[in-house]
Every structure is written in structure tokens, then in C-alpha cells.
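Down below is the structure, laid out as C-alpha cells.
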Amino acid sequence: MQGQEEERRFGADGWVAVRRHGFAAELVMDRPKAMNAVSTAMADALAEACAELAADRSVRAVVLSSTHERAFCVGADLKERNSFTDADLMRQRPHTRAAYTGVLELPVPTIAAVHGFALGGGFELALACDLIVADGSAVVGLPEVSVGVIPGGGGTQLLPRRVGAARAAELVFTARRVPAPEAAELGLVDRLVADGQDRTEALELAARIARNSPVGLRAAKRALRLGHGLDLRAGLEVEDGAWRSVAFSGDRAEGVAAFNEKRDPEWPGE
């Protein structure tokens, strides 16, 4: 893995940071006093950081991580919302949607590095990623119905795509918290690692991904996302469109040349 570069902070309070590790980027949640609860300001910072990452063609993979020792993210900032009027809550909605959508629509592979609590909107941020690496301390869940709402950061749509409709219904309806071993068994997380190793493992996975063609990675993600849920014939058309977008690229030419010359490719990224 290439060396870490200087970080860039987002939002007036600097609660979100982006750190570069070569061609991989780390999107860091750093609101320790609130266990990364998603306030309006936190949501705006996440959305701004994601927009910058999405526009950066040098980024090939993103890791979503937390600096808090006991939490990935505990979801919505209920202390802030306790003072909201109905109008305040409606005004906040576009801000929170932009944060979750920003993570979901990152055009490169994304990996959540989860430890401790990942609840409600916190787990939805993880679900918005392509892969979830969790350590043994992780506790995940969507407990929104226990406080009178529903998952509103994509959970009702993303969770069934991971674990099926019936399993997702049971988890949403019961609002129960799922410990790491069961989460791995149910497919709520993809890789279970030793305590304290979630970030390290996620960054190593991102570095491995980032060695590949940036054009190929973006097209592969697009095909996987757009083709999901379609019937096979329609899905194959999505795949064909993605293939055509890379077949005549500089990356394809470099990849073939590097293979035949038995050397590492130097991707032009176009």
C-alpha cells in the first residue's frame, strides 16, 4: 500500500476527512463526541466530501471509516432532532438524503470498515458501500421503528438486496441489534476480522482493488449496480453496454500490452 498523504477536512467543524493512500481514498467520519451521529452539518460534510471524491478520476477505491473507538456511526442525531419542528425535519431531509446518496453513488468500489455500533443511519451508510468489513466488536441493525420512523437512508431497499426480503423484514420489524458473528452468518457484513483490524483490512482490500484498471473498475461497478434486479436478458444488455464503454479504452490496450510483456500495467485511466 502506498503512503498516506495529507488529509482534507470538510464542513465547518471538520467532522469528515478524506485521506489519500495512493490510488485509494479513505472517507473518515470524525465526530467523536456524538459517536458520528448524522446531524445536518455532518450530512452536509459527507455529501461535500463524496462529491469531491466522485469527481476525482485518480481515485480507484474508497474506504468509509470511523475514528471513534466504540462506534462506526450511531445513525441520526436524535438530540438535534429533539428540538425540531415538523418543518425543521422536512428541511433537513434533502441534506441527509444527499449524504447517503453521495456514498451510494460513488462511481468506484467502496468498502465500509465497521467496528462497534453501526445502527440506523450508521448501518445504512455501510449498506451503501459495495463491501463491508467488520471486526468482532461490531453491532449492526436498523432500529428505526423503535423510535417511530422507518429506515430512511436506503435501508428498506439496500438490506433486502443483501439478505433477501423476508430476512430484511424480520430485522427491520423487530428493530433488533445483531452482533458481529451473527451479522457475518446472515450476510449483513462480508468479511469478519479480528478486533481492531477492520480499518487495516479494508485499506488493504482497497489497495488490492486499486491496482486494477480505473476504467474497468468504474464500468464493472456500473454494470453490477444497474443490472441488479433485472431479468437475465436485460442484465446482459447492461453488461454489454458497460463492456463497450471499456473495450476501446486506453486501459484495455495497456492491460493487454502489459500482460503480453509480463510487466505491471501503467493505467492511463481513460
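Output ³J(HN,Hα) for segment 58-64: one whole-Hz value per residue in order, computed from phi by the Karplus curve 6.51 cos²θ - 1.76 cosθ + 1.60 with θ = phi - 60°, and x for Gly and Pro.
7, 7, 10, 7, 10, 10, 9
What are the GluC sites (Glu not before Pro) within segment 4-62 that DSSP puts in a loop, where the Cβ has at most 11 other Cβ atoms within 10 Å?
Answer in residue order: Glu6.
Hey, can you grab everything whose amide H is under 5 Å from the amide H of Gly269? Only 5+ residues off in sequence or another chain; H modelled, so Pro and N-termini drop out.
Those qualifying (amide H under 5 Å, at least 5 residues apart or on another chain) are Val215, Asp251.
Mind checking which of Leu188, Leu64, Leu236 has the largest fluctuation in a GNM of the chain, springs on alpha carbons under 10 Å?
Per the Cα network of the chain with a 10 Å cutoff, Leu236 tops the list.
Could you give me the ³J(HN,Hα) list for segment 223-233, computed from phi with Karplus coefficients 6.51, -1.76, 1.60 and θ = phi - 60°, whole Hz, x at Gly and Pro?
Karplus values, whole Hz, x for Gly and Pro: 5, 4, 5, 6, x, 5, x, 7, 5, 4, 4.
Whole angstrom only: what separates the Cα centroid of segment 97-136 from the Cα centroid of segment 24-60?
The distance from the Cα centre of segment 97-136 to that of segment 24-60 comes to 11 Å.
For a test of the definition: using alpha carbon positions, the gyration tensor, and the 1.5 limit on a/c, classify segment 201-257 as rounded, prolate or oblate.
oblate
Give the lysines reachable from Lys221 as a straight Cα distance under 29 Å; neighbours fewer than 8 places away on the same chain don't count.
Reachable lysines: Lys262.
Show that you can apply the helix-only estimate: for the chain, add -39,500 (n - 2.57) for every DSSP H stretch of four or more residues, divide by all residues, and state [θ] at 222 nm to the nearest 500.
Calculated mean residue ellipticity at 222 nm is -14500 deg cm²/dmol.
Excluding Phe10 itself, calculate the net charge of residues whose Cβ lies under 15 Å from the Cβ of Phe10, where each Lys or Arg counts +1 and each Asp or Glu counts -1.
Every neighbour counted, the sum reads -4.
Suppose every K and R has +1 on its Cβ and every D and E has -1 on its Cβ; what is the size of the dipole of the chain about the Cα centre, in Debye to the nearest 20?
That gives a dipole near 300 debye.
What is the chain's relative contact order, in percent, from Cα pairs under 8 angstrom and six or more apart in sequence?
Worked out over the chain, it gives 15 percent.
When the solvent-accessible surface of protein heavy atoms is calculated with a 1.4 angstrom probe, in what order do Val246, Val59, Val149 fall, highest first?
Sorted by accessible area, descending: Val149, Val246, Val59.
Please find, in a Gaussian network model of the chain (springs between Cα atoms separated by less than 10 Å), the residue of Ala43, Ala175, Ala210 whose mean-square fluctuation is greatest.
Ala175
Springs between alpha-carbon pairs under 10 angstrom, Gaussian network model over the chain: which of Ala61, Ala113, Ala34 fluctuates most?
Ala34
Amide H of Ala138 versus every other amide H placed in the peptide plane: which residues, excluding those fewer than 5 positions away on the same chain, fall under 5 Å?
Correct list: Gly116, Ala180.
Quick one: what Rg and Dmax do you get for segment 133-174 from the alpha carbons, in Å?
When restricted to the Cα atoms of segment 133-174, Rg and Dmax are 10.9, 30 Å.
Kindly express, to the nearest 10 degrees and within the range 0 to 90, the angle between helix 86-104's C-alpha long axis and the longest C-alpha principal axis of the chain.
On a 0 to 90 degree scale, this one is about 30.
Based on DSSP, what percent of beta bridges with both residues in the chain are antiparallel, to the nearest 5?
DSSP beta bridges in the chain are roughly 35 percent antiparallel.
Let me make sure I get this right: for the chain, a, b and c are the square roots of the gyration tensor eigenvalues over alpha carbons, sorted descending. Under 1.5 in a/c it's rounded, otherwise prolate if a/b > b/c, else oblate. Which is it?
prolate
The values are calculated or read from the model by the stated rules, or taken from the named source; none is laboratory data. No experiment lies behind these values; they were computed from the predicted model shown. Counting neighbours? That spans all protein chains shown, and the Cβs are built from the backbone with ideal geometry, glycine included. Heads up: the accessible areas ignore ligands, DNA and RNA and are worked out on the full protein's heavy atoms, side chains in. Shrake-Rupley method; radii C 1.70, N 1.55, O 1.52, S 1.80 Å.
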